[in-house]
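Throughout, read-outs are computed from the coordinates displayed, never taken from laboratory work. Remember, predicted model here, so these are calculated numbers, not experimental data. Heads up, the Cβs are rebuilt from the backbone with ideal geometry, glycines too, and the neighbour counts pull from every protein chain shown.
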Amino acid sequence: MKKTFFIYCLSLMVFIAVPSWAADGKALVKSNKCGSCHKMQGPAVKTIAEVLKRKAPDLFYAGSKFNKDWLVKYIQSPTVIRPGGVVYTNNIKLNGDQDEPANLLKCASKLSAGDAAAVGDYLMSLKDATMKVGVFKKAKIKKAMARRVMMKGEACNACHSFPKRGGGVSCPTFEGIGSRLNPDWMYSFVNHPQKWDPKVWMAKRDLDDATLQLIVNFLSSMK
């Protein structure tokens, strides 16, 4: 009888303790209405009209795209990653001869550390099974060469902003990109952006593996 009572008490303690460390990430995503801005299920949109209605990046392949540590921190305190908004043309205003972004929709997510960890676990489970993993090879690179390829050869700075060097605001900043994104996903996206977003305005480039590795190693170094 005493043994049975002891087991009952132990089970009750575990049951009571569970909610404090085992929040349901999927339920939190639903209750916080993340799906009202983010596309949580594929496939990606296929028309310009659908793209123009986009409020926030797709998350149905978040587990392939992001690094978990960064994702959990971001969910607790979101920052601006896309200076011109998700769809730049929806957020610009004319100031003289210059277009300036305005009326940006900021992420309202400010979850507790525990809830953010649970949501992070759930989002990391959303993967694209077709993405090849292990393709990125970390290596020592000449950053000056990588910067030259990206800024002069590919003109990445026309749309993306480089740390301390500036650049465009119509696409995500490169500030902190090495902490933010999975290098295997970066390799896949740079190689073929339309695989992930059929109507994305980033052009598909004909780059060999050596150049792709150089670019992704450089991006990965921006922590």
>> So if each residue of separation counts as 0.36 nm, and I subtract the Cα-Cα distance between Ala139 and Ala158, what length gain in nm does that give?
In response: 4.2 nm
> Which distance in nm do the two modelled labels at Arg147 and Ser221 give, with both placed 7 Å along the Cα-to-Cβ direction?
Replying inline: 0.9
>> I'd like to know which of Trp185, Thr211, Ala155 lies farthest towards the positive end of the charge dipole of segment 143-220, counting +1 on Cβ of Lys and Arg and -1 on Cβ of Asp and Glu.
In response: Ala155
> Long-range amide H contacts for Leu181: which residues qualify at under 5 Å (H placed 1.01 Å from N, peptide plane, sequence gap of 5 or more or a different chain)?
Replying inline: Asn67
> Which FRET efficiency value, to the nearest 0.05, do you get for Thr79 and Lys132 by plugging their Cβ-Cβ distance into 1/(1 + (r/R0)^6) with R0 = 25 Å?
Replying inline: 0.25
> Over the C-alpha atoms of segment 25-124, what are the Rg and the largest Cα-to-Cα span, Dmax, in Å?
Replying inline: 14.9, 47
> Using 15 Å as the cut-off for backbone N distance, which residues of segment 126-158 belong to the label zone defined by a point 7 Å from the Cα of Asn67 along Cα→Cβ?
Replying inline: 136-139
> With each pseudo-label sitting 7 Å past Cα toward Cβ, what's the Lys26-Lys106 distance in nm, one decimal?
Replying inline: 3.3
> Helices from the chain with mean Kyte-Doolittle at least -1.0 and a Cα length along the axis of 24 Å or more, per DSSP H: which?
Replying inline: 2-21
>> Skipping prolines and chain starts, which residues have an amide H placed within reach, meaning under 5 Å, of the one on Cys159, given they are 5 or more residues away or on another chain?
In response: Gly168
>> Once the cut-off is 31 Å, how many percent of the Cα-Cα pairs in the chain end up in the long-distance tail?
In response: 29
